[in-house]
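Input: a single structure, listed below in structure tokens.
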Amino acid sequence: MTQADAIFLMGPTASGKTAAALALAQIFPVEIISVDSALVYNDMNIGTAKPDAATLAAAPHHLIDLISPVHSYSAAQFCADALPLMAEITARGRIPLLVGGTMLYFKALREGLSDLPEADPAIRAVIDAEAAERGWDALHRDLQRLDPLTAARLQPGDSQRIQRAIEIIRITGKAMSECLAQGREAELPYRVLLLALMPSAREVLHERIAQRFDTMLSAGLVEELAGLRARYDLRDELPSMRCVGYRQAWAYQEGVYDYDEMRDRGIFATRQLAKRQMTWLRNMSGIAAMDCLDARLTQKLIEAIDDFLQTSQSLS
């Protein structure tokens, strides 16, 4: 039985994924599915660069504005939401176009989910107490010894993920990287074209990131966060408030940073995010990489999709 077609459009932040997806939606019979762990949150619009009303009217996006900022969203939930959506889109005779920068979600959808243990509140409380006494840097050093592969992809200040990695070790006796490597087989029932927007000049991407963050600040990122804090019962350790931009704005509102330091730290954190996203992409197999700075990017994407669909038709 011939598999249906799907397209993954991936790339680091500020690589132009949304603009490219909109251009493709005007040409091909696609429906856009957001693959972004921040766009799922209601009312978090400025700091997530959420598509505006005009954009959504021109090209509706699935899987945005799903949950309150007080809740969490996981790769497992993404797969549970995305797979039925893809089937519905295919049944309508259209092609799922999955667009975003949350590489873990793409990986989970493509390769299936590992059987990781549920969170253990008692163990997390112990880890939190250790972090309060020794600092997250020290726990990150512990993780480097116990699970060097996981530690290498985490920043020392990434308390949420460091906590989870140590928790898994204490529950299972195995490193998180080992558990992930033993993930279940779950072949995605689609023939997928993997497209990655990658910059030929990293300094240009860095300029885009700075401009993007300044635009968010000018648009009212700090004020948006103040409104969110007034509307919801938020804490700084929630996943929504750990998002780049919101995390720095929170620290500014608490007097930890002045405005200039908030800006500098926000830009730096976004650059670090882009670096991690590009590392994920370089380690993924079967990707067609496109220079996101190429003036002919849209045309090259169109040509790649045309070739993919023609091959698909010849196989059917």
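Quick note: the coordinates plus some simple rules give every number you see, no bench work behind them. Just so we're clear, the structure is a prediction, and the values are computed from it rather than from any experiment. No Cβ is skipped: glycine too gets one built from the backbone with ideal geometry, and neighbour counts run over all protein chains shown.
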Looking at the chain as a GNM with Cα springs under 10 Å, which of ALA269, ALA21, ALA181 has the largest mean-square fluctuation? ALA181
Which whole-number value in Å³ per residue fits the convex hull of the alpha carbons of the chain? 142
Excluding same-chain pairs closer than 8 in sequence, count the lysine pairs in the chain whose Cα atoms lie under 20 Å apart. 5
Top of THR102, THR172, THR18 by mean-square fluctuation, Gaussian network on the chain, Cα under 10 Å: THR172
Separation between Cα centres of the stretch 272-300 and the stretch 206-264, rounded to whole Å: 27
Packing-wise, with mean Cβ within 10 Å as the measure, how do 75-81, 163-169, 132-138 rank, highest first? 163-169, 75-81, 132-138
Given the DSSP H assignment, sum -39500 (n - 2.57) over each helix run of at least 4 residues in the chain and divide by its residue total; what's the result at 222 nm in deg cm²/dmol, nearest 500? -17000 deg cm²/dmol
With θ set to phi - 60°, apply the Karplus curve 6.51 cos²θ - 1.76 cosθ + 1.60 along the stretch 209-224 and write out the HN-Hα couplings as whole Hz, x wherever there is a Gly or Pro. 4, 4, 4, 5, 5, 4, 5, 5, 5, 5, 6, x, 4, 4, 5, 4
